[in-house]
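What follows is a set of notes on a single structure, which appears directly below.
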């Protein structure tokens, strides 16, 4: 009983203290945060505003391969400067190299056929050869001697008055004379053939064979060049001198044929890497079509860097894209219309800060025409 009388007042005092502390904290003024950053003042009283995206002077080039394949080598890294024609990425070349080897073998075979056809024409042009004529003439002399010998034996037999048992030899000797005469005619015809050389018909056939061989060789060489081109296009090269902005593939991946497309960083899965000349940065600015009548290409323009930098970059007018298109660069504001059509104006940045990179969004202000000037 005595303990209860002591504990109850203590608990009451503790509860009162907690209540007082809670009330004090609840009524304490909130902590003062950092002061809001005031918007960067714009020196144009009358202006046209737009949203711009930073891009290379060459625009962003999305490179792809004209054929699909597995990525075998990547020769560059992001941010590296490259020269025009430099190899950037190589696809698997084993099949293409095998085709080149096969095509080269067929070309070598075709050249052998051309050489054989040319040698055949040269052989015909060299006729008659002196050694062939001499051989044929010697054969004619031998046949003449044989005929003279056979005829002499027959004449001696016929000159005998009483031939007796040799009378039966006359048919044999006459046959020998006839054979010798026929062999002489054959040898003389062969000599005439050798002395005549190549017939025009033979040379025409040889020339036709040579033309056919040359045509086949040209076709085989064309196949070889096609195989070499197929091998060459497996190496993606830089079309311009610039900087590798981003690599969208890795060694071992399969990439389909084609090129990336789109503006402002959009592309497709076939793009291998992005390249651009960032020595000069451009700002592709979207001017609302409702403000296009107030736009003045001769007016001064500024790019306002977003964030807390409060930096402004002077812009130099380059050109107007002569095609009004639907707006693609969205700001994310609740009141933004997504069905707006815009005129795209290209400006060059003069001495941009080092941290400005392609793909960044900037606010653009352009000194506009006054209503009085328009009217």
Single match in 328, 337 (criterion: farther than 15 Å from residue 54 by Cα, part of a loop (DSSP other than H, G, I, E, B) and modelled with pLDDT under 90) = 337
Do we have any residue at all in the stretch 164-179 that's surrounded by fewer than 13 Cβ atoms within 10 Å (Cβ to Cβ), at positive phi, without any contact (Cβ under 8 Å) to a residue 24 or more places away in the chain and part of a helix (DSSP H, G or I)?
-> yes
Number of the condition not met by residue 33 [criteria: (1) surrounded by 14 or more Cβ atoms within 10 Å (Cβ to Cβ); (2) part of a loop (DSSP other than H, G, I, E, B); (3) modelled with pLDDT under 90] = (1)
List the number of the failed condition for residue 127; all other conditions in (1) at pLDDT 85 or above; (2) assigned to a helix (DSSP H, G or I) hold.
-> (2)
Test residue 111 against the criterion of being more than 19 Å from the chain's Cα centre (by Cα) and farther than 24 Å from residue 286 by Cα, and give yes or no.
-> yes
State the number of residues belonging to the stretch 60-74 that are exposed (fewer than 15 other Cβ atoms within 10 Å of the Cβ) and part of a loop (DSSP other than H, G, I, E, B).
-> 3
Please give the number of the condition residue 122 fails out of (1) more than 47 Å from the chain's Cα centre (by Cα); (2) without any contact (Cβ under 8 Å) to a residue 40 or more places away in the chain; (3) in a helix (DSSP H, G or I).
-> (1)
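Residues are listed down the side, and each one gets a yes or a no for (1) farther than 11 Å from residue 63 by Cβ; (2) exposed (fewer than 14 other Cβ atoms within 10 Å of the Cβ); (3) modelled with pLDDT of 95 or more:
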residue	(1), (2), (3)
210	yes, no, no
215	yes, yes, yes
220	yes, no, yes
230	yes, no, no
248	no, no, no
254	yes, yes, no
258	no, no, no
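The values are calculated or read from the model by the stated rules, or taken from the named source; none is laboratory data. Treat the numbers as computed from the prediction; the structure is a model and nothing was measured. Neighbour counts are summed over all protein chains in view; Cβ atoms, including those assigned to glycine, are modelled from backbone coordinates with ideal geometry.
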